[in-house]
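See structure below.
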Amino acid sequence: MDLKNINECMELKKFWVKNFKSLRDVTLEFPTRLTIIAGTNGSGKTALVETFELLTNTIEWAMGRTTNPFLKWWGYDKVVWRHDENTPIILGLELEYKNKEECVKEFCRKSPFKPCKAPTRISYEIYITGKEGRFQILKESLRAQGNDLDVSIDTDKGELIVIMSKEAFEKMFKDVAPTLTLKSDSLRLGIKLKAAQEVKPLITKCVDFCTLFHVFEKDLDDFVKIIREQSTGEKIAKKNIRYFSGYIAWHLSEIINAVRKFINNITIIKDIDWKTIRNPQTLTRQDRLMPDASNFVPFLYTVTEGIISESLAEALKYAFIGVQDLRLSFGVTEDGRVFLKLVADGVTLTPASIPSGVLKTLIIESLLLRGASVIVIDEFENSLHPELQQFLMDEFRSRNAFVILTTHSTVPLDYAKSVSEVVILRLEGGETRVYRLGREVEKELEKHRMTLSELFESGLLEPIKLGSTYESL
């Protein structure tokens, strides 16, 4: 699947983290595509942003593209809960795969197996450690559910579990064994994989169909035994069981590939390196924006192919209030480096004179133009005046982008379309706690004729606890 289809067909529904900094046990659900995470300084907002960065860096590490991801924090003991190196950090996500016709077609486009159906729910969890300076992936688990098939694989247990409905099972074998039927409503298959080591790490390296098929082939006798025990009718041949195991291998390989691309396409913006952005940079193809946006100029050149569209320049007028004519282009130094050229009402601004708010708007707009599975922005309000914050939040919605933004300001809260877009973080006893706003908050807003930010500042909100890790205000 290409990135366009990944963004259109897969959506983040839940994200969880355990044992990272103050995030001992935090789960976030995403009922909306825009999520505003508010909290005071030290409440865990940046730590939450960093968990997304850690997840993407883990894949980069496993593919040999980066060094130990914990080095940026000066070691594993500096970020693991209570500095206990014996404790693993756990990251997990749950994705919805859209059950739309075009998405199913995309999933099954290269499938040699019939019938082919896409999953509707995918979950992935990874355990990592940096104990004694050595980065390791300790465990991964993947599960894909929906459309008559439930498949999961656990690299720690070395176990494959398949649950297939009776209808789907019989359709698969109707041409080669038409009288074959299951004794119950579903096939339940659990196998200890003899060659499980060959698929470690699971998501973070190219585990393709051939690899999985080879691994399953070593357990083919177990496939045969279990299926024969749970079926009745004609005796099924081993070659037909091989077709079944091949289908499961293909199904899993497509899911692994899709999840890997989804995670790789998560983009984080934090601690923007303004100095580097304003300096001329060597022009190289940059398909991914660095979290500090230090490669922004060549990234923008890659995204736009060197030509800034009028619509992109038009969006910058919201950042440059009062300017009627605004033109943006690329300049080239004598030694071949590129930089941004901005002309506002006939006045040419050097890169050093371009306001930070204009650059930040351009960074965000370039990500919307390129597309990302998730855009995570730390301290969204920095360098952006209130009207510009509102404009960008409207841009997120109109582009149907999936965006998570953190803020220690209450201003963005007033631009939320509903309380379901808002998450509150609080530090309690050294641990970050997550709160959602209940429907009663909307009643309070109407009753007191307040904005959401005014209600927060009034002190009228009191937490109503719903659980240990996910609560409500």
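For the stretch 178-187, indicate whether the set of residues that are touching a residue at least 12 places away in the same chain (Cβ under 8 Å), in a strand (DSSP E or B), touching an Asp or Glu at 6+ places or on another chain (Cβ under 8 Å) and buried (at least 17 other Cβ atoms within 10 Å of the Cβ) is non-empty. Checking the stretch 178-187: at least one residue is touching a residue at least 12 places away in the same chain (Cβ under 8 Å), in a strand (DSSP E or B), touching an Asp or Glu at 6+ places or on another chain (Cβ under 8 Å) and buried (at least 17 other Cβ atoms within 10 Å of the Cβ).
Across the stretch 319-329, what is the total count of residues that are over 19 Å from Ser383 (Cα atoms) and either of a type in the set (A, V, I, L, M) or in a strand (DSSP E or B) (or both)? Working first, answer last.
Taking the stretch 319-329 as the starting set, the residues that turn out to be over 19 Å from Ser383 (Cα atoms) are 324-329.
From what's left, either of a type in the set (A, V, I, L, M) or in a strand (DSSP E or B) (or both): 326-329.
Counting residues in the stretch 319-329 that are over 19 Å from Ser383 (Cα atoms) and either of a type in the set (A, V, I, L, M) or in a strand (DSSP E or B) (or both) gives 4.
Listed conditions (1) within 18 Å of Tyr243 (Cβ to Cβ); (2) in contact with a strand residue (DSSP E or B) (Cβ under 8 Å, 6 or more places away or on another chain); (3) among the β-branched types (Val, Ile, Thr) are all met by Ile203, apart from (1).
Residues are listed down the side, and each one gets a yes or a no for (1) hydrophobic (A, V, I, L, M, F, W, C); (2) crowded, with 19+ Cβ neighbours inside 10 Å; (3) closer than 24 Å to Ile375 by Cα:
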residue: Arg285; (1), (2), (3): no, no, yes
residue: Phe296; (1), (2), (3): yes, yes, yes
residue: Ala319; (1), (2), (3): yes, yes, yes
residue: Arg327; (1), (2), (3): no, no, no
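Looking for whichever is loosely packed, with under 15 Cβ neighbours inside 10 Å, assigned to a helix (DSSP H, G or I), assigned by TED's automatic domain parsing to the domain that holds Thr58 and not basic (Lys, Arg) here; the options are Glu229, Glu234, Glu254. Which one fits?
Values: Glu234 fails: assigned to a helix (DSSP H, G or I); Glu254 fails: loosely packed, with under 15 Cβ neighbours inside 10 Å.
One residue alone meets the criteria, Glu229.
Surrounded by fewer than 21 Cβ atoms within 10 Å (Cβ to Cβ) and part of a helix (DSSP H, G or I), is that true of Phe213? Yes: the conditions hold for Phe213.
Please work out which residue is surrounded by the fewest Cβ atoms within 10 Å (Cβ to Cβ), limiting yourself to the stretch 188-210 and to residues that are out of contact with any Asp or Glu (no Cβ under 7 Å at 6 or more places or on another chain) and part of a strand (DSSP E or B). This residue is Arg188.
Return the only residue of Glu102, Glu53 being touching a Pro at 6+ places or on another chain (Cβ under 9 Å) and part of a helix (DSSP H, G or I).
On the way: Glu102 fails: touching a Pro at 6+ places or on another chain (Cβ under 9 Å).
Just one listed residue meets the conditions, Glu53.
Restricting to the stretch 28-47, name every residue that is β-branched (Val, Ile, Thr) and closer than 17 Å to Arg439 by Cα. Within the stretch 28-47, Thr32, Thr35, Ile36 meet the criteria. Is at least one residue of the stretch 421-437 in contact with a Lys or Arg (Cβ under 9 Å, 6 or more places away or on another chain) and either in the same structural domain as Val49 (by TED's automatic domain parsing) or more than 24 Å from Ser22 (Cα to Cα) (or both)? No, the stretch 421-437 contains no residue that is in contact with a Lys or Arg (Cβ under 9 Å, 6 or more places away or on another chain) and either in the same structural domain as Val49 (by TED's automatic domain parsing) or more than 24 Å from Ser22 (Cα to Cα) (or both).
Output yes when any residue across the stretch 163-173 is surrounded by 18 or more Cβ atoms within 10 Å (Cβ to Cβ) and either part of a strand (DSSP E or B) or at pLDDT 95 or above (or both), and no when none is. The answer is yes; a qualifying residue exists.
Of everything in the stretch 420-445, what is under 22 Å from Arg397 (Cα atoms) and surrounded by 19 or more Cβ atoms within 10 Å (Cβ to Cβ)? Give them in sequence order. Within the stretch 420-445, Glu421, Val422, Val423, Ile424, Arg436, Leu437 qualify.
Answer with yes or no whether Thr302 is polar (S, T, N, Q) and assigned to a loop (DSSP other than H, G, I, E, B). No: the conditions fail for Thr302.
Note on the stretch 385-400: residues that are modelled with pLDDT under 95 and within 24 Å of Pro298 (Cβ to Cβ) amount to 1.
Give the number of residues within the stretch 2-21 that are touching a residue at least 24 places away in the same chain (Cβ under 8 Å) and surrounded by fewer than 19 Cβ atoms within 10 Å (Cβ to Cβ). Spell out how you get there, then give the answer.
Just the residues of the stretch 2-21 that are touching a residue at least 24 places away in the same chain (Cβ under 8 Å), to begin with: 3-21.
Those left that are additionally surrounded by fewer than 19 Cβ atoms within 10 Å (Cβ to Cβ): 3-5, 8, 11, 13-14.
Here the count works out to 7.
Criterion first (in contact (Cβ under 8 Å) with a residue 40 or more places away in the chain and outside the structural domain of Lys110 (by TED's automatic domain parsing)) does Phe320 satisfy it? Taking the combined requirement at face value, the residue does not satisfy it.
Once the stretch 305-318 is narrowed to residues that are in contact with a strand residue (DSSP E or B) (Cβ under 7 Å, 6 or more places away or on another chain) and not in a helix (DSSP H, G or I), the residue that is farthest from Ser356 (Cα to Cα) is Gly306. Criterion applied to Phe213, Phe173 was being of a type in the set (Phe, Trp, Tyr) and either in contact with a strand residue (DSSP E or B) (Cβ under 7 Å, 6 or more places away or on another chain) or within 19 Å of Phe107 (Cβ to Cβ) (or both), and the one residue passing it is Phe213.
Within the stretch 330-382, the set of residues being assigned to a loop (DSSP other than H, G, I, E, B) and closer than 30 Å to Phe52 by Cβ comprises Ile354, Pro355, Gly371, Ala372, Ser373, Asp378, Glu379, Phe380, Glu381, Asn382.
The values are calculated or read from the model by the stated rules, or taken from the named source; none is laboratory data. Computed from a prediction, not measured in an experiment: that's the story for all the values here. Positions of Cβ are generated from backbone atoms using ideal geometry, with glycine treated the same way; all protein chains shown enter the neighbour counts.
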